[in-house]
Amino acid sequence: MRLLLVEDDPNLSRSLAAQLEQAGYSVEKSTDGREGLYYAREYPVDLAIVDLGLPSMSGVELIKQLRADGKEYPILVLTARDRWQDKVEVLKLGADDYVVKPFNVEELLARVDALLRRAGGWAQSELVCGPIVLDTRTQEVKVNDAKLELTSFEYKLLEYLMLHAGEVLSKTQITEALYSEDFERDSNVIEVFIGRLRRKLDPENSYKPIETLRGRGYRLAAERGAPDAD
Amino acid sequence: MALVRSLRARVVLWVSVALVVLFAATGVVLDVAFRNSMDQARRELLEVQVLGLMALVDDESGELSLPTESLPAQTIDPQFGVANSGMYGAVFSDNGSAIWQSTSLLGRDFPIDYLTVAGEKRFERLDVPGFPPLEALLMGITWQFPNDRSGDYTFAIALSLEPYNERQAAFRRILIGWFLGITLTMLVVLSGLLTFVLLPLRRLERQVREVEAGERVKLTGRYPSEIVGLADNLNTLIDTERRRLARYRNTLDDLAHSLKTPLAAMRTLLSEQRDKAAEPAQDALNRELERMDQRVSYQLRRARATGATGLGTEPVAVAPIVEDLRQTLDKVYRDKRVRCTLDVVPNAVFRGDPGDLTEILGNLMDNGYKYCKGRVRVTAHSTPERLIITVGDDGRGITAEEAATLFQRGKRADESVPGQGIGLAVVRETVELYRGTLDVSRSELGGAELRVELARAGLL
């Protein structure tokens with residue numbers, strides 16, 4: 001998952017980006033509004049974290065522009081203002097959630113996770129596709145109730161595929177979502193990981209969870225089955 | 001004249017005083033002039049009568065003699081012949097004996113004890129028992145008889161002053177009557193005129209009151225040139241006040257940003273490296289940071305609440321704010337799928353700062369969303385004096401003791417309340433700014449119901 005972090009405080013930006021990356025996201029950092037807008041327009045982004053008090057272009061303006069451009073990915077706002085009027089205004093502008101400074105990083109991660117899930121059409125933190133159950137909170141994967149051991153990269157790949165279950169995802173899309181910009185890209189790597197994931201998820205090759213669409217990419221084919229509680 | 005508050009009363013009072021002084025002076029002058037002219041006329045009449053009397057004198061016998069009533073009426077004033085007519089006449093010889101006395105005296109002696117010398121003309125006021133107040137003309141002459149004998153005589157005519165005094169009194173009555181009439185008419189006209197003239201001032205006063213009460217944003221309409229400056233200045237003042245408030249808020253926002261970003265950086269940096277050995281120190285630092293944040297947040301939110309001072313704030317419709325907050329909270333608590341019902345009277349309005357109302361409602365509704373099982377109900381209606389808001393939920397409810405501690409939270413800045421919001425304390429303080437009340441009871445939904453009553457701004 002590729003996140004865009006627009007925050008002008010260098011310490012906060014660096015440390016938060018480090019912790020987001022540790023949690024498995026690839027993060028683009030930007031320290032001012034205009035630059036942030038440029039990144040948001042030019043690169044594929046799954047979620048943006050935007051500070052409201054930015055130099056050169058305010059966060060409010062940035063969000064307005066992004067929504068005017070038709071960008072629909074979730075936007076999480078970092079703000080020092082904790083008055084309800086400010087919160088209402090920010091969400092009305094098109095942001096999806098806000099976190100008041102100083103925030104707890106774990107809470108922020110939970111919000112990011114929830115926003116990404118919702119953007120993929122999932123209401124619960126447990127993603128269910130056919131026999132595969134992935135818990136985004138505990139990062140556990142079960143197939144037919146049997147726990148599956150995955151490497152961190154395999155997990156990230158599966159999570160990305162499941163969040164976009166039913167959608168066709170190109171290799172480029174997957175690479176950009178899973179690697180930071182400076183990573184040397186090689187689309188063969190994705191092929192290799194997809195192969196490994198297939199063997200782990202479906203050792204008997206019985207239900208073929210991941211389809212290959214020649215020349216277009218991959219799709220998680222197992223049907224979404226998130227039980228909508230309440 | 002500090003006691004006379006009303007401009008109209010002042011003008012009426014001073015105009016009355018001026019009119020009374022003016023009319024009193026005019027009255028005295030007119031009265032004196034009238035008296036003088038009557039005195040003049042009376043004296044001329046007396047002289048004419050004396051000369052008339054002299055003309056009737058018969059001196060053929062070498063003695064002065066005067067005709068009696070037998071004389072034709074036109075030759076002597078008939079009043080001499082009418083009893084107590086108010087005109088009396090007599091002629092005295094130089095030894096004091098009366099040669100002739102008019103019939104009007106009814107046989108009494110002419111009331112005089114003074115004889116003139118020849119050539120003397122003397123007017124005299126006489127106040128004699130049995131007679132009305134009189135004015136007499138005594139004229140002394142030396143009479144040359146045809147036989148060259150001569151003798152000194154005193155001719156005397158007296159006139160009653162009564163008819164003159166009556167005329168004077170009547171004149172005064174008419175004078176006073178007219179002056180009173182004119183004064184009253186002028187005061188009535190003046191009063192009406194003042195109402196008309198003071199109309200713009202009254203409008204100004206009403207509008208200022210409405211601005212104070214938050215029913216009006218600025219003074220509007222055309223004002224006469226004398227007070228258009230005042231109205232403009234008031235508008236400038238209102239505008240300045242509003243801008244000052246906005247600047248103050250911007251400063252607070254900047255302050256919040258510049259304080260909270262470093263706090264956020266510190267917390268984030270702390271959570272970045274979890275080192276077993278450093279953990280106790282990190283936890284302690286985290287707690288300190290949390291306390292700092294609580295204090296800063298609480299004080300900033302308090303400072304941000306404007307209260308009922310709002311000069312020129314428009315009445316704030318409650319319904320859109322509640323609707324906005326519901327949408328916001330539905331987004332924030334999306335996974336909880338809260339069913340929030342609104343029962344807000346469309347014309348419910350709040351007289352005060354919209355930010356303050358949003359803060360109150362936001363904290364109450366957030367509380368409801370947070371503690372409910374699945375349902376929240378918000379109601380609002382306003383009376384001319386108050387706005388009444390309730391937020392109920394189907395959670396486990398709040399006991400009175402819990403409420404008391406919740407409302408107090410944050411009041412002491414050094415109080416450490418990890419993980420607990422300061423929302424209700426802020427609500428309580430903001431509500432107090434509007435001389436309102438905050439109560440907790442049980443909701444129909446089964447959980448807590450928080451009820452806020454807010455006084456209309458500008459009312460005690």
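The values are calculated or read from the model by the stated rules, or taken from the named source; none is laboratory data. The shown structure was predicted, so the numbers you read here are calculated from the model rather than taken from an experiment. Because the Cβ atoms are built from the backbone with ideal geometry, glycine has one as well, and the counts that use them run over all protein chains shown.
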Considering every residue within the range B:161-181, establish whether at least one is in contact (Cβ under 8 Å) with a residue 12 or more places away in the chain and under 25 Å from B:A9 (Cβ atoms).
-> yes
Restricting attention to the range B:436-452, the residues that are under 11 Å from B:Y371 (Cβ atoms) and either surrounded by fewer than 21 Cβ atoms within 10 Å (Cβ to Cβ) or not small (G, A, S) (or both) number exactly 1
Considering only strands (runs of 3 or more DSSP E) wholly within the range A:96-164, the ones with at least 1 residues that are hydroxyl-bearing (S, T, Y) and assigned by TED's automatic domain parsing to the domain that holds A:Y25 are A:97-100
In the range B:100-122, anything assigned to a strand (DSSP E or B) and farther than 12 Å from B:T154 by Cβ is listed as B:Q101
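One line per residue, one yes/no per condition, for (1) closer than 24 Å to A:S15 by Cβ; (2) within 12 Å of chain A (Cβ to nearest Cβ); (3) assigned to a helix (DSSP H, G or I); (4) charged (D, E, K, R):
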residue	(1), (2), (3), (4)
B:I238	no, no, yes, no
B:R242	no, no, yes, yes
B:Y248	no, no, yes, no
B:T261	yes, yes, yes, no
B:L269	yes, yes, yes, no
B:R274	yes, yes, no, yes
B:N286	yes, yes, yes, no
B:D293	yes, yes, yes, yes
B:S297	yes, yes, yes, no
Just one listed residue, out of A:D113, A:D82, is at pLDDT below 90, within 30 Å of B:L424 (Cβ to Cβ) and in contact with a strand residue (DSSP E or B) (Cβ under 6 Å, 6 or more places away or on another chain), and it is A:D82
In the range B:238-256, anything free of Cβ contacts under 8 Å to residues at least 12 places away in the same chain and not hydroxyl-bearing (S, T, Y) is listed as B:R243, B:R244, B:A246, B:R247, B:N250, B:D253, B:D254
Out of (1) farther than 19 Å from A:D9 by Cβ; (2) more than 12 Å from chain B (Cβ to nearest Cβ); (3) among the hydrophobic types (A, V, I, L, M, F, W, C), the one A:V112 does not meet is (1)
Scanning the range A:65-75 for residues that are buried (at least 20 other Cβ atoms within 10 Å of the Cβ) and either in contact (Cβ under 8 Å) with a residue 40 or more places away in the chain or within 9 Å of chain B (Cβ to nearest Cβ) (or both) gives A:P74
Among residues of the range B:332-360 being touching a strand residue (DSSP E or B) at 6+ places or on another chain (Cβ under 7 Å) and assigned to a helix (DSSP H, G or I), the residue nearest to B:R386 (Cα to Cα) is B:L357
Checked the range A:17-40 for anything assigned to a helix (DSSP H, G or I), in contact with a helix residue (DSSP H, G or I) (Cβ under 7 Å, 6 or more places away or on another chain) and within 23 Å of B:Q273 (Cβ to Cβ); matches are A:A18, A:Q19
Those residues of the range A:50-64 which are more than 12 Å from chain B (Cβ to nearest Cβ) and surrounded by 22 or more Cβ atoms within 10 Å (Cβ to Cβ) amount to A:V50, A:L62, A:I63
Q.
Given the condition surrounded by 13 or more Cβ atoms within 10 Å (Cβ to Cβ), farther than 18 Å from B:L51 by Cβ and without any contact (Cβ under 8 Å) to a residue 40 or more places away in the chain, answer yes or no: does some residue in the range B:132-155 qualify?
A. yes
- Task: Using the structure shown, decide if B:L424 is under 30 Å from B:N286 (Cα atoms) and either of a type in the set (V, I, T) or at pLDDT 75 or above (or both).
- Result: yes
Listed by first then second residue, the pairs whose first member lies in the range A:3-18 and is more than 8 Å from chain B (Cβ to nearest Cβ), whose partner is basic (K, R), with beta carbons under 6 Å and at least 6 positions apart or on separate chains, are A:L5/A:K29; A:S13/A:K29; A:A17/A:K29
Picked from the range B:257-287 (must be under 60 Å from the mean Cα position of the chain (by Cα) and free of Cβ contacts under 8 Å to residues at least 24 places away in the same chain), the residue surrounded by the fewest Cβ atoms within 10 Å (Cβ to Cβ) is B:S258
Residue count, the range B:334-370, condition at pLDDT below 90, surrounded by fewer than 17 Cβ atoms within 10 Å (Cβ to Cβ) and not β-branched (V, I, T), comes to 6
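Residues checked against (1) closer than 18 Å to A:V45 by Cβ; (2) within 14 Å of chain B (Cβ to nearest Cβ):
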position: A:D82; (1), (2): no, yes
position: A:D86; (1), (2): no, yes
position: A:D97; (1), (2): yes, yes
position: A:Q124; (1), (2): no, yes
position: A:K142; (1), (2): no, no
position: A:E149; (1), (2): no, no
position: A:L158; (1), (2): no, no
position: A:L163; (1), (2): yes, no
position: A:T175; (1), (2): yes, no
Exactly one of A:L12, A:L78, A:L91 is crowded, with 21+ Cβ neighbours inside 10 Å and farther than 30 Å from B:I360 by Cβ, and that residue is A:L12
